[in-house]
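Report on the structure given below.
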Amino acid sequence: VHEIANVNLFTKEEAGLITLSENIKVSKGFFGSRDQNVFFAVDNPGDVLKAELYLVVDSGNGELVIDINGNEFYRNEIKQGQIRIDIPLGYLASTNNVRFSVFGFGTKSYSLREVKLKKQEEIKNRVARRTLSVDAEEKSGMRSSVMRYSIFCDGDEKDVLRILLNDNLVYSDVPFCNLQEDSVELGASLFKSGANNLDFETEGDYLIEGISVKT
């Protein structure tokens, strides 16, 4: 009997707020401009559902211009106050450069503080792999095998769960949740001497416990 660690497959939304800069000052005059850049990283840009920039304008004149990775997404004149700006998701990359500048005739400047990024992401754990070791003696004497497990979920089961043994599909169905135990037959020919991979895949939210493989 091989005991297998629990598997937790899920997709959830998670929001986070990070500070990009405490203070930013940008200016433009007759002899040149002083822009400011701040950088931040995003592990999986495609999983970001919403991104917003928060900042406080202490003082300003002219047009405050903000671009990300060379793409302008904000241009407005703000004298004072707190503002929130949506960042177009198509402009996000793994490494991001947000540039603040000011536009207008003559001498212009902005004093900003508490520049923060709020992002809402989809966190995914849709695939999990577990490994069991079968030695040569066990493999040579194996005639059959069965895997037992229990599946739990919070809502109605509607997403297909797929289980593969060494890349061979052994189960594909919408499982019954919150039962005491279920089982699936595993063909002896699917095993090999040494490490054997059990892969669990789904688009849904399933907790699989009490997994054991008896050969």
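So the values come out like this:
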| read-out | value |
| --- | --- |
| Cross-link partners of Lys79 among aspartates and glutamates (Cα-Cα below 12 Å; sequence separation of 8 or more within a chain) | Asp58, Glu63 |
| Eligible aspartates and glutamates near Lys192 by straight Cα distance, threshold 15 Å, same-chain separation 8 or greater | Asp135, Glu137, Glu138, Asp167 |
| Sites Asn71 and Lys158, calculated FRET efficiency, Cβ-Cβ separation with R0 45 Å, nearest 0.05 | 0.70 |
| Cα principal axis extents for region 91-144, largest first, Å | 87, 17, 16 |
| DSSP-loop chymotrypsin sites (Phe, Trp or Tyr not before Pro) across region 139-215, with at most 12 other Cβ within 10 angstrom | Phe176 |
| Accessible surface, the chain, averaged per residue in Å² (probe 1.4 Å) | 56 |
| Mean-position separation - Cα centroids, region 1-71 and region 191-215, in angstrom | 39 |
| Stokes-Einstein D for region 167-215, Kirkwood Rh over Cα pairs, 20 °C, 1.002 mPa s (µm²/s) | 166 |
| Region 102-172: trypsin sites (Lys or Arg not before Pro) falling in loop per DSSP and having at most 11 other Cβ within 10 Å | Arg143, Lys158 |
| Mean ellipticity per residue at 222 nm, deg cm²/dmol - from DSSP H runs of n ≥ 4 across the chain, formula -39500 (n - 2.57) | -500 deg cm²/dmol |
| Over 31 Å (Cα to Cα) - which of Lys25/Lys124; Lys158/Lys214; Lys28/Lys118; Lys116/Lys158; Lys12/Lys139; Lys28/Lys116 fall in this group | Lys25/Lys124; Lys116/Lys158; Lys12/Lys139 |
| Ratio of the Cα radius of gyration of the chain to 2.2 N^0.38 Å, where N counts its residues | 1.61 |
| Point-to-point label distance, Gln82-Arg126, nm (Cα→Cβ direction, 7 Å offset) | 3.7 |
| Cleavage-rule hits, chymotrypsin sites (Phe, Trp or Tyr not before Pro), region 29-112, DSSP coil, Cβ neighbours within 10 Å at most 11 | Phe30, Phe31, Phe105 |
| Gain on full stretching of the segment that runs from Glu209 to Phe176 - 0.36 nm per residue minus C-alpha separation | 10.5 nm |
| Kirkwood hydrodynamic radius over Cα pairs of region 1-114, then Stokes diffusion coefficient at 4 °C and 1.567 mPa s, in µm²/s | 81 |
| Virtual spin-label span in nm between Val56 and Asp43, 7 Å along Cα→Cβ | 3.1 |
| Extent along principal axes [Cα atoms of region 73-190; Å; largest to smallest] | 87, 35, 21 |
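The values are calculated or read from the model by the stated rules, or taken from the named source; none is laboratory data. Not measured: the values here are computed from a predicted model. Methodologically, a virtual Cβ is constructed for each residue, glycine included, from the backbone with ideal geometry; neighbour enumeration extends over all protein chains shown. Heavy atoms of the whole protein, side chains included, go into the accessibility calculation; ligands, DNA and RNA do not. Shrake-Rupley method; radii C 1.70, N 1.55, O 1.52, S 1.80 Å.
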